[in-house]
Each structure stands twice: as structure tokens, then as C-alpha cells.
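Enquirer: Before I ask anything, here is the structure I am working with.
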Amino acid sequence: MDITNLTETDLARLALSTRLRDLSEAFRVAVAAEDGASAAPGEASAQPDGQPVLAGRLWSLLASELPKLEEAIVHHLRSRGASWAEVAALGSLTEDQARERWKDVELSPTSDPVADAAALDEWYIRHAQLEPLAQVRDPFSRLLSAHAVQEHECLICVKYRGGALPAYGGYISPPGGYLFDDGMWRLGHGPTPYWPAGTLLIESHRHYLDFAEMREEEAASIGPLIHRFVGPLKRATGATRIHVFSCMEGAEHFHLWLVPRIGEVPSGRSFIANPGYCSIPEAEQAISRVRQELAREETGV
């Protein structure tokens, strides 16, 4: 994207989306914050009036940031040719009131708008879950007039070149490290927000879609690879079943799941539809136990 091709409308949209991202981050972190968790060292967990620090800081955030968001919205509208009457209608103001309130609104300066746009793309993708835009390359930059359409790239290939990817895409360095990587296959823990502890993800190094496109050596090695890990995974997790499946829906690149079904949970299709989740430390512990079981098999102990 060429910085010289960015219009005032592009820059206004960049400023608006940056403001929205920063607010989103502040509120996202607050969702799971304890009432006193925002207190600085030596600061009481409640304010003098008895209100928790979190509530006070959220209130202050709204008071300080919402006017700035209004300014960004107005500048974005004006850059697109909106009249003061159209702006006034948003805030139930008269045209003169709107003009007086926002006539001096200016963009916050940015030294590198192209880098800022790329940062918004990466932020959105990394925080996207299953909404459609998680599948779109450059979800913010595509809105700018200077954006050049990029060819689609598979999620797994993006991951291993170090690109941004949504949470369900997994990790370039999975929790606990790779259990296996022979240059043909990688095997490590799956993405923790979507799978229970011990879930293993097998990915091919080479880009191809499914079993029909495997080379002879790939077809000959995938069965023994699954066989090698199902037993240790069952023992490491205490699972009654290890569900093995592959559908290539999230990424058109061959990958296969080994999912332990643990405890009193629905079986079969019901389980796969909602298998649970785990934390990164829980995933690391599960991988450590799998390594121990593999070592026991090798030593016969």
C-alpha cells in the first residue's frame, strides 16, 4: 500500500478504527479484571467513597474517551462529504450546535499510516473468533482506497511464515513445544480456546488439501504417526476415547486432530461440536505427560 495514495477519508477511517481498537482493548481486559485488580502498587482496592477501583476507572474511561470517539466519528463522516445537518442528526443537535462543537476537530497525527493500518489488520485477525471477517485477508486495510487486493493464502501457510492469524489457527510454537517434527509432519497441542487439554494437531509441512493429494511417503507415514500417539495420549489424559478426524474446513491445508474425550461428557458428534477448552498451562502439563508416556514406551519402564 502506497502512503501517497491515502486520501483524507482513508486517514479519517484509520483514526476512527484506531480509537475503536484502543477502547476495545481497554474493555476486553476489564471483562475479567477483579474489582481491585486495577489498583496501582500502594493504591487501595476501593476509592474513598467505597466504590471499587475498577468501576471508577471504567467510569473515567467512558468520560474521557467517548468524546474522543465522537470526534473521530464526526471527522470520518465529514471526510466522506457529510453535511453539518447530517452530523447534527446523529446527536439530536441543531446544525449550528454541531458545527460549533466539532468545527475544530482535527486528525491525530500519525507518522506511518501504512504501518498503523497493518497493525489494525493484525490486531483484528488475532482477536477474531469465528466471525466471517476472520477469514478475510487484511480486514481493515481492504476498506482503504489505496489497498491492493491480495491473493488468498491458506491459514496454516500464513502461520508458518509468521503472519497474523485468528485464535483458532493455533500456534507457530505450540504449548509445550512440538512433540514431533520430521520435516513432513508437525505435531503439537491444538489452540487452547477451542479444544480440551491434550488435543493434538497434526499438520503437513507441504501444502495440499486431503488424502487424495498425498504423496506415497505421506500416505504411508500418517497411519503409523497416529498409532504412535493415540496410546500415550489416552494414558496421559485418562481419556476413554481419542477422536481422530480431519475436515479441512478452517484451512485448506491437510491437518488432522487427535481429541481426548475426558470425563462425563456427551459422546461422539455432540462432543466434537462442543469439546471444551483449556488454558495454556493446562496444555503444557498435558504435553509434558504425553512426553513421559512416550519415554516409558521407549524404555519399556
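Enquirer: Find out how many positive minus negative residues lie around Ser79, taking Lys and Arg as positive, Asp and Glu as negative, among other residues whose Cβ is under 12 Å from that of Ser79. Display every interim value, and only then the final one.
Expert: Numbers: positive: Arg13, Arg78, Arg80; negative: Glu8, Asp10, Glu106.
It works out to a net charge of 0.
Enquirer: Could you list log10 I(q)/I(0) for region 173-301 at q = 0.11, 0.23 Å⁻¹, which the Debye formula gives when each Cα is one point scatterer?
Expert: Those come out to -0.37, -1.50, one per q.
Enquirer: Simple spin-label model, 7 Å along Cα-to-Cβ: Leu143 to Phe245 in nm?
Expert: Result: 3.5 nm between the two label points.
Enquirer: Nothing charged except the Cβ atoms of Lys and Arg (+1) and of Asp and Glu (-1): what's the magnitude of the dipole of region 147-262 about its Cα centre? Round to the nearest 20 debye.
Expert: Working: 10 positive and 12 negative charges, 138 e Å.
Roughly 660 debye for region 147-262.
Enquirer: Provide the FRET efficiency to the nearest 0.05 for the Ala220-Glu65 pair, computing r from the beta carbons and using R0 = 51 Å. Show your work: numbers first, answer last.
Expert: Details: r = 59 Å, r/R0 = 1.15.
Step by step, r from the Cβ atoms, then E = 0.30.
Enquirer: Kindly rank 184-192, 161-169 from highest to lowest mean number of other beta carbons found within 10 Å of each residue. Numbers along the way, then the final one.
Expert: Details: 184-192: 21.7, 161-169: 16.4.
My ranking of the peptides, most packed first, is 184-192, 161-169.
Enquirer: How high is the relative contact order of region 47-124, given as a whole-number percent (alpha carbon pairs under 8 Å, six or more residues apart)?
Expert: Values: 25 pairs, mean separation 16.0, N = 78.
Here the relative contact order equals 21 percent.
Enquirer: Based on the Cα gyration tensor of the chain, what are the three equivalent ellipsoid semi-axes, each the root of five times an eigenvalue, rounded to whole Å and given largest first? Write down the numbers at each step before the final one.
Expert: Working: eigenvalues 443, 146, 47 Å².
They are 47, 27, 15 Å, listed largest first.
Enquirer: Kindly state, to the nearest 0.05, the FRET efficiency for Leu20 paired with Tyr208, given R0 = 35 Å and r defined as their beta-carbon distance.
Expert: Details: r = 39 Å, r/R0 = 1.11.
The pair Leu20/Tyr208 has a calculated efficiency of 0.35.
Enquirer: Starting from 0.36 nm per residue, how many nanometres of slack lie between Gln97 and Ala115 once their C-alpha separation is accounted for?
Expert: On the way: separation 18, 0.36 × 18 = 6.48 nm, distance 3.62 nm.
Taking 0.36 nm per residue and subtracting the Cα distance, the gain is 2.9 nm.
Enquirer: How do 7-20, 241-254, 145-158 rank on mean C-beta neighbours within 10 Å, highest first?
Expert: On the way: 7-20: 19.1, 241-254: 15.6, 145-158: 13.3.
The packing order, highest mean first, is 7-20, 241-254, 145-158.
Enquirer: Could you give the size of the charge dipole of the chain about its Cα centre, using +1 on the Cβ of each K and R and -1 on the Cβ of each D and E, expressed in debye and rounded to the nearest 20?
Expert: Values: 28 positive and 42 negative charges, 190 e Å.
Once rounded to the nearest 20, the dipole reads 920 debye.
Enquirer: Then there is this: Please report how far the C-alpha centroid of region 117-164 lies from that of region 51-95, rounded to the nearest whole angstrom.
Expert: 28 Å
Enquirer: Please tell me the relative contact order of the chain in percent, rounded to the nearest whole number, where contacts are Cα pairs under 8 Å and at least six residues apart. If you can, show how the numbers build up before the last one.
Expert: On the way: 376 pairs, mean separation 42.8, N = 301.
With pairs under 8 Å counted, the relative contact order is 14 percent.
Enquirer: Turning to a different aspect of this structure: Quick check on the chain: helices-only [θ] at 222 nm, where DSSP H runs of length 4 and up contribute -39,500 (n - 2.57) each and the sum goes over total residues. Nearest 500, please. Could you put the intermediate results ahead of the total?
Expert: Working: 9 runs with 135 residues, N = 301.
Value at 222 nm, helices only, nearest 500: -14500 deg cm²/dmol.
Enquirer: So, in nm, how far is label Leu58 from label Arg291 when the simple model puts each one 7 Å beyond its Cα toward the Cβ?
Expert: Here the answer is 4.0 nm between the modelled labels.
Enquirer: Carbon-plus-sulfur fraction of the accessible area of the chain, 1.4 Å probe, in percent? Each step should come with its number before you reach the end.
Expert: Working: 8940 of 16940 Å².
Of all accessible area on the chain, carbon and sulfur atoms account for 53 percent.
Enquirer: Once Rh for region 194-258 is found with the Kirkwood sum over Cα pairs, what is the Stokes-Einstein diffusion coefficient at 4 °C and 1.567 mPa s, in µm²/s? Before the final figure, lay out each step's value.
Expert: Values: Rh = 12.7 Å.
It comes out at roughly 102 µm²/s.
Enquirer: Given a Förster radius of 35 Å and the C-beta distance between Arg80 and Glu282 as r, what FRET efficiency does 1/(1 + (r/R0)^6) yield to the nearest 0.05?
Expert: Values: r = 48 Å, r/R0 = 1.37.
Working from the Cβ atoms, E equals 0.15.
The values are calculated or read from the model by the stated rules, or taken from the named source; none is laboratory data. Treat the numbers as computed from the prediction; the structure is a model and nothing was measured. Cβ coordinates were reconstructed from backbone atoms using ideal geometry, including for glycine residues, and neighbour counts include every protein chain displayed. Heavy atoms of the whole protein, side chains included, go into the accessibility calculation; ligands, DNA and RNA do not. Shrake-Rupley method; radii C 1.70, N 1.55, O 1.52, S 1.80 Å.
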